[in-house]
Amino acid sequence: MEQTLERLVAYARSKDTRLACAAAVVLAELAPREPGVARGLAEHLPRTDGVLRSFTIEALGRIGSPEAAAALVPFIEAGGPVGDEALRAVAHAGAGALKPLVRLLGKAPAELRAKLSEAIARTGESQGYAALLDALREADFDQARAIREGMHHALGGLGEKPRAVLLKLLLKALESKNFASREPGLVTVLELSGELREAEAASSLLAHALRPATPRARRAALLALARLELKPEKRAALAAKLFGLVEESDFDYAVEPAIAALREAKLGSGFRGRLQKLVGSPRPEVREFAMQQLAAAGGSSTLNELLDCLESADPSVREDAAEALAKAPHAAKALAERMLKSSSGEACRLAARILAGMAAQLPKPLLPELAKAYVAIATGKDKQAAAKEEAQRREAETRRAAFFLVCRATGSEILAELALKEARKVRAGGEPQRAANLLRALQGIPGWSDEHRVELALAGLATAPLDLSRAARGNETSLRLLENALGNGTLKPRALAKSIAGDPALSRKAVYYLGHHFAEGIGEQRELGRELLEQLSATRGDEGRQAKEKLALEGLAGKGAKKQSVLEERAKVLMAAADLAADAAKDEALRERKQQRQAWKDAQARVAEEKKRQQALQRAARKADQAKDEERAKAKAKRKAGAKKKK
C-alpha cells in the first residue's frame, strides 16, 4: 500500500473526528482497490461514532472490493438506519458486493430480503439477477413478494443495458420447466416481465396466458401483457387469441385481466356480434368494455344499441353507455337525433351531458332543431309538456333542461333568435306570462340583446300593477330592463316609442305608465317618455287626457317645450347648493395650503438664522484659537531670546 494511502487510513482511524471524517471523504473519492485500505477501515468501523461511521461506510461502498462489502454485511444484518446506509453504500460496489449479499439473501427476514434484492438488482450485474431468479425458484409467496418488491424499486434506476440483460434472463426463466411447477416464482417472473414494458416479452407472456400452469399464473401473464408498450395493430392481433377469455365465467383469473390486456386494442368489425352479446353481461366491467369498444368502432346499428342503453331501467347500464359514448366524438349526430326523438328525461339528460363535451362536433343543421325542441317544451306546445300527469310534466322539464344545456354549450345564437320570435308571437296571442317565462329562463345566453330585454319588459307589464307611485315604480323590474336597454345605446328613443305605442298587445294604460315614468327622467329616457306621451295625447280617453297633463307638467307640451324636466330643474337647484358648498370647501383648502406654506417658510427662516448663528460662533472660536496660538508663539520666542542672552 502506498505511503499516502497508509497515512489516509491512519488519519481515518484517528481520535480526531474532524480529521478522520476528512480522510474518509478523500478515500471515498479515491476508491483505492488495495486490500490494506479496506481492511484498515473495516477493522476500525465498529469503533466509530455516528458521524464518522456514515463517512466510513460510504468509503467502503465506493471502494467496492469483496473485503469492503464483507465488512458492511454485519451492519446490514443488524438493520436499522445504519443497516440502510450500508445497503445504499454496497449498491455502489457492483460485482464485488454480490457474493456477501447473495449469501445473506437466503437467511434474511422478509423486510431485509426486499432491501437486499433491491441492492443486488441495482448492481446491474447478470450474476446478481441470476442469483435473484435462483432464490425465486425455491421461494414461497411471502419470500417471492419480498424479492419482487425489492426488484420493483430497483427497476426505475436501471439503464438500458441492465434492463435488457434482466429481460433476457426473465424470458429464459419463463421457458424453464423449473419455474413451471413453482407458482410463487413463476407469478413473480411474469409480473417483472410486464414491468419492463418491452414488446419482446409478448410471445412468452401470451403462451403462459393461453396455457397457464395455474389460474394465478394466467392472471399475472394477462396483466403483464396489459402493461407492455405494444403498437395498436399488435395489440389488436392479441384479441383473436385472448377474446375467448373475456367470455369465460372465471372473472378474477380470466375475464378481468383479459379485459385489461385488450382495453387499448382496436377490435375490428369481426368482433361486433360477440361484443353486442357482452353488452348484456351482469358484470359492470365486462359491460363497460363491450360498450366502449362498440362506441369506438362506430356504425349506425352499433350506436343505436348503445343509445337504447341510455333508456335502460338499470342505472349502471345507463352510466356505462354514457361513459362509452362520451369517448366517441363521431356519436354526436346520433346523440342529438336521439334527443329529438326520445321522450325519456333521463336519456335526454345523459345525452346532453355527453354532447356538452363535444358540442363542436354537432352538425350545424341540427342546431335549429334542438332550439325548436327547447322552445316547444318551454311554451307548452310539446305534448309531454302539456300533459295533465305530473310525471309527464317532470319528464318534459328534464328534457327542457337537457336541450338548454346543449344549445348553450354550442355557443350558437339560434336559440336566442327563435325564442325572441316565439315570445312575440305568444304575447300577441294573449299569453304574456308564458312569453315572459320563456325569455326569463334564457337571460345571458349567446345572442341575448336589448331587443330581448324590451320584449321581456313588455311581457312583464301585462301582469304588473302599473302603480304610478314613485316607490312602486322603483321596484318594477320591467322599467329596469327598459332603462338598461336605453342605457346601452343600441336603441333610439323615437323608434322604440313608435314600436311600443303601436304594439296591439300592450294596453293604453301600460303605454301611459311607461310615458309617465320616463318623462321624469333625463336624456334619452326623457326623450322616450315625451314620444310616448305625445303619441298617446293624440288619442281620446282618460289616458290621452292624462298624457297631455303630464306633458304640460313636465314642460314638454307645445313648441316652446322646456328642454329640462321639473326633476332636472330641481336637480340644478340642488347642484347649485352643492356647488356653493364645494366652493367653500375649496376656499378653505386654499387657506390651509397658504398657512402650511407660510409655516414652512418660517421654519426655513429659523433654520437659516440658526445656521448663521452657528457659523458666527465658529468664526469667533477660530479667532480665539488664533490669538492663543500667537501668544504661545510670542512667549516661545521670548524664552528663546532670554536663553540666548544668558549664554
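Take ALA599 and ALA641, extend 7 Å from each Cα along the Cα→Cβ direction, and tell me the distance between the two endpoints in nm.
Spacing of the two 7 Å Cα→Cβ label points: 6.5 nm.
Provide PHE75, PHE243 ordered by accessible surface of protein heavy atoms (probe 1.4 Å), highest first.
Details: PHE75 45, PHE243 0 Å².
Sorted descending by solvent-accessible area, the residues read PHE75, PHE243.
Give me the extension gain from ALA207 to ALA296: residue separation times 0.36 nm, minus the current Cα-Cα distance, reported in nm with one decimal.
Values: separation 89, 0.36 × 89 = 32.04 nm, distance 2.84 nm.
So the chain would gain 29.2 nm between ALA207 and ALA296.
Given 0.36 nm per residue, what is the gain on full extension from LEU30 to LYS364 after removing their alpha carbon distance, in nm?
Working: separation 334, 0.36 × 334 = 120.24 nm, distance 7.44 nm.
Length gained between LEU30 and LYS364: 112.8 nm.
Taking only C-alpha pairs under 8 Å that are 6+ residues apart, what is the relative contact order of region 96-209 in percent?
On the way: 122 pairs, mean separation 30.0, N = 114.
26 percent.
How much accessible surface area, in Å² rounded to 10, belongs to the heavy atoms of THR4 with a 1.4 Å probe?
Looks like 90 Å² after rounding.
Need one number: the % of Cα-Cα pairs in region 420-525 sitting beyond the 24 Å mark.
On the way: 953 of 5565 pairs.
Value for region 420-525: 17 percent of Cα pairs lie more than 24 Å apart.
Calculate one ³J(HN,Hα) per residue across region 306-314 by plugging θ = phi - 60° into the Karplus curve 6.51 cos²θ - 1.76 cosθ + 1.60, and present them in order as whole Hz with x for glycine and proline.
Coupling constants for region 306-314: 5, 5, 5, 5, 5, 9, 5, 6, 8 Hz.
Of LEU158, ALA139, LEU190, which is farthest on the positive side of the dipole of region 129-203, counting Cα position, with +1 on Lys and Arg Cβ, -1 on Asp and Glu Cβ, and the Cα centre as origin?
Working it through, the farthest residue towards the positive pole turns out to be LEU158.
Could you compute how fast the chain diffuses translationally, taking Rh as the Kirkwood radius over C-alpha pairs and applying Stokes-Einstein at 10 °C with viscosity 1.306 mPa s? Give it in µm² per second.
Values: Rh = 35.9 Å.
D = 44 µm²/s.
Between GLU397 and ARG494, take the C-beta separation as r, use R0 = 51 Å, and let me know the FRET efficiency to the nearest 0.05. Provide the component values of the computation, followed by the final result.
Working: r = 42 Å, r/R0 = 0.82.
Rounded to the nearest 0.05, the efficiency is 0.75.
If I take R0 = 60 Å and measure r between the Cβ atoms of LYS15 and ALA130 in this structure, what FRET efficiency does the formula 1/(1 + (r/R0)^6) give, to the nearest 0.05?
Numbers: r = 45 Å, r/R0 = 0.75.
After rounding, the FRET efficiency stands at 0.85.
Please sort by residue number the trypsin sites (Lys or Arg not before Pro) in region 1-89 whose DSSP state is loop and whose Cβ has at most 11 other Cβ atoms within 10 Å. Don't skip to the answer; put the middle values down first.
Working: sites: ARG7, ARG13, LYS15, ARG18, ARG33, ARG39, ARG47, ARG53, ARG62, ARG88; in loops: ARG13, LYS15, ARG33.
Answer by residue number: LYS15.
State, to one decimal in nm, how far the label point of GLU160 lies from the label point of ALA22, with both points 7 Å from Cα in the Cβ direction.
With each label placed 7 Å out from Cα toward Cβ, I get 4.4 nm.
Run lengths n ≥ 4 of DSSP H only: what is the helix-derived mean residue ellipticity at 222 nm for the chain, with -39500 (n - 2.57) per run over all residues, to the nearest 500?
Numbers: 35 runs with 476 residues, N = 647.
About -23500 deg cm²/dmol.
Give the Cα extents of region 275-356 along the principal axes, in whole Å, largest first.
That works out to 30, 25, 20 Å along the principal axes.
How much length, in nm to one decimal, is gained on full extension between GLU285 and GLU6, taken as 0.36 nm per residue of separation minus their Cα-Cα distance? The partial results should precede the final answer.
Details: separation 279, 0.36 × 279 = 100.44 nm, distance 6.90 nm.
Separation in residues times 0.36 nm, less the Cα-Cα distance, equals 93.5 nm.
May I ask you to rank SER269, SER193 by accessible area, largest first, using a 1.4 Å probe over the protein chains only? Kindly include the intermediate steps, with their values, before the conclusion.
Details: SER269 90, SER193 0 Å².
Of SER269, SER193, the descending order of accessible area is SER269, SER193.
What percent does the relative contact order of the chain come to when contacts are Cα pairs within less than 8 Å and at least six residues apart?
Values: 819 pairs, mean separation 27.1, N = 647.
Across the chain, relative contact order equals 4 percent.
How would HIS153, HIS44 rank on accessible area, largest to smallest, probe 1.4 Å?
On the way: HIS153 95, HIS44 25 Å².
Largest accessible area first, the residues go HIS153, HIS44.
Give me Rg/Rg_expected for region 519-559, where Rg uses Cα atoms only and Rg_expected = 2.2 N^0.38 Å with N residues. Don't jump to the answer; show the numbers that get you there.
On the way: Rg = 9.5 Å, N = 41, 2.2 N^0.38 = 9.0 Å.
Dividing the Cα radius of gyration by 2.2 N^0.38 Å gives 1.05.
Around ASP250, under 14 Å between beta carbons, what's the net of Lys plus Arg minus Asp minus Glu among the other residues? The partial results should precede the final answer.
Values: positive: ARG216, ARG218, ARG219, ARG283; negative: GLU247, GLU248, ASP252, GLU256, GLU285.
Around ASP250, the charge tally is -1.
For the residue pair ASN304 and ASN475, what label-to-label distance in nm results when each label sits 7 Å from Cα along the Cα-to-beta-carbon direction?
5.8 nm
For the pair LEU590 and ASN484, what calculated FRET efficiency results from E = 1/(1 + (r/R0)^6), where r is the Cβ-Cβ distance and R0 = 60 Å, to the nearest 0.05? Show your work: numbers first, answer last.
Details: r = 42 Å, r/R0 = 0.70.
Approximately 0.90, to the nearest 0.05.
The values are calculated or read from the model by the stated rules, or taken from the named source; none is laboratory data. All of these numbers come straight from a predicted model, not from anything done at the bench. Positions of Cβ are generated from backbone atoms using ideal geometry, with glycine treated the same way; all protein chains shown enter the neighbour counts. With ligands, DNA and RNA removed, areas are computed over all heavy atoms of the protein, side chains included. Shrake-Rupley method; radii C 1.70, N 1.55, O 1.52, S 1.80 Å.
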